[in-house]
Each structure stands twice: as C-alpha cells, then as structure tokens.
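Colleague: One structure, pasted below without further comment.
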Amino acid sequence: MVNEETSVDGELTIEEGENIVEEVLSIELAPYILGIQKAINTISTAVSLIPTMNLNDVSISLKVVNSLLMKSINDLRVIWLLSTKGYSIQAATVASSLYESAFNLAYIGNSDSLARIWNNHNDTTNTPFGSIKKITSEAIKKQSPENFISISNVEYSKYSQLCMAKHANPINQKNHVYKYEEGTIIADSGPEASNHSIRVTCFSIVTSLGFIGYAIVSYVNEHLASYNTAELVSEFDELGKYHTMLYDQFQAKWGIPNTLPEENI
C-alpha cells in the first residue's frame, strides 16, 4: 500500500510512487503530451485573434464560447498532469467533461439565443440543452452535414467509453486497483503503470485532441471570419496531421480507439 505522507516499513509515499510512475511513463506518453501542448497552443492562438474590446461590445455567444474554451484548456492541462502521474481513470473522467464542453461550444457557435439559454440556466439537476448525444449530432451537422450521423455516432461512442471510467463501470474498473504481487492479489491506491492503465491514458488523450478539434473549427468558422486566420489555419492543420499520426500510432499498438478492452485481472 502506498502511504499518503511518509514512508512506513520501506513502503513508498504517494509522491514517491508518482515520481517513479512518471519516469516509467515518460517515453510512452511523450508524443501524447506533445499533442496536448499543440492543442493548447492552437486554442491560445485562436483566442488571441480577438482584439481587446469593451465588455458591452462582446456578444453573449463569444463570452460563452470563450468561457468553454478556457475550461477546455484547463481540462487538457489536467489530463496532462493526471496522465503523467499515472492516474488514467481520473484522466478519462476529465476527458469526458472536456467532450461535453467542446460539443456544447460547437453547438452554441455564434448563436446568441443558445448562448443566453446556456448563460441563464439555473437547474442544478439538468444541463442547458438536454441530451449530449443530440448536442453532438447538431454540432457535427454544422461542420459535416453530409455524414454527420455516422460521425456523431463514432464520437459519442468514444464519450461513452470515457464515461465508463467516470462512473466506475465494472467493465473498466475491474482492471484497475488490483495487482499481482508474489502470487497474491493486492488492492492498492495511488498511481498505475499497467498496460491497461496506459491504454486508458492514451485513449483519453487521443480522443480529447479529436474533441477539441470540433471546438476550434466552430470558433474559427463562427467567430473569426472577419480576421486573418492564415497562421491559425496552418497551425490547426499541423495539429490535425499530428492527431491523425497519434491516432494511427494508438491503433497500431492498442486497437481501434473508440473502444476500451474488456480484460480481467
């Protein structure tokens, strides 16, 4: 068992365990972390194109989507930190939240009426627009009207896999916490560096990069049309190519990235 604060009888502290796992994972996760960095930089470039304005001159839709973009940057940063420390379940949980932010952003776009619904929402038991599956479909429809149904189904299936981690679904959870040690099964807290855990981490990152791509496209199309976006588009294209490379790398090692495997300890 990893102790919270101090080493007891030779056992590692949480911090020592995290540092060891971080070193173990550093090479494996390096290309994925670089993808997160590229995504954060691209979002920052997009937001920087909006000039300083009086608050009263900023549309409600721009206020809302900027809020969701800033949350998305923080989500990406937290996924980065959790991933490198060996907390794959928690990284997947944040990735599921990023999905919701990205597709709410793309759904709202430049619609002030939808932004007001979001801004005025005061029901703590529900979300402003209801089904996230519907929001996903409508958001993607604006960007890919010809095949939005098939695309949205694929994206939503990735979200469903991430939600298995968030809701401690046994299909996924039973592959975590327990480990073999000298012929004995031990339940342990703290960071993980098992193959299953690494796969969940990589899945969380590669899908998050795809989700945030929809948000960036929406932001560019619906809020930056009057600005010079040549440099941003070039940066986004590079991010897209990198994401495709990372997707292919993931698939070559772990299988199709829209499913998490069913394994048993």
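The values are calculated or read from the model by the stated rules, or taken from the named source; none is laboratory data. Here the structure is a predicted model, which means the values were calculated and not measured. Note that we place each Cβ from the backbone using ideal geometry, even for glycine, and neighbour counts take in every protein chain shown.
Colleague: Could you please let me know if Asp57 is among the acidic types (Asp, Glu), modelled with pLDDT under 95 and under 22 Å from Ala115 (Cα atoms)?
Modeller: yes
Colleague: Still on this structure, please answer the following. Of everything in the range 35-81, what is of a type in the set (Lys, Arg) and under 17 Å from the mean Cα position of the chain (by Cα)? Give them in sequence order.
Modeller: Lys38, Lys71, Arg77
Colleague: Checking Phe129 against (1) in a helix (DSSP H, G or I); (2) surrounded by fewer than 21 Cβ atoms within 10 Å (Cβ to Cβ), only one condition comes out false. Which one?
Modeller: (1)
Colleague: State which residue is nearest to Ser61 (Cα to Cα) when the search covers only the range 92-120 and only residues that are touching a residue at least 40 places away in the same chain (Cβ under 8 Å), buried (at least 24 other Cβ atoms within 10 Å of the Cβ) and not hydrophobic (A, V, I, L, M, F, W, C).
Modeller: Tyr99
Colleague: So, in the range 225-240, how many residues would count as being surrounded by fewer than 17 Cβ atoms within 10 Å (Cβ to Cβ) and either among the acidic types (Asp, Glu) or more than 14 Å from Ile43 (Cα to Cα) (or both)?
Modeller: Number satisfying all stated conditions: 8.
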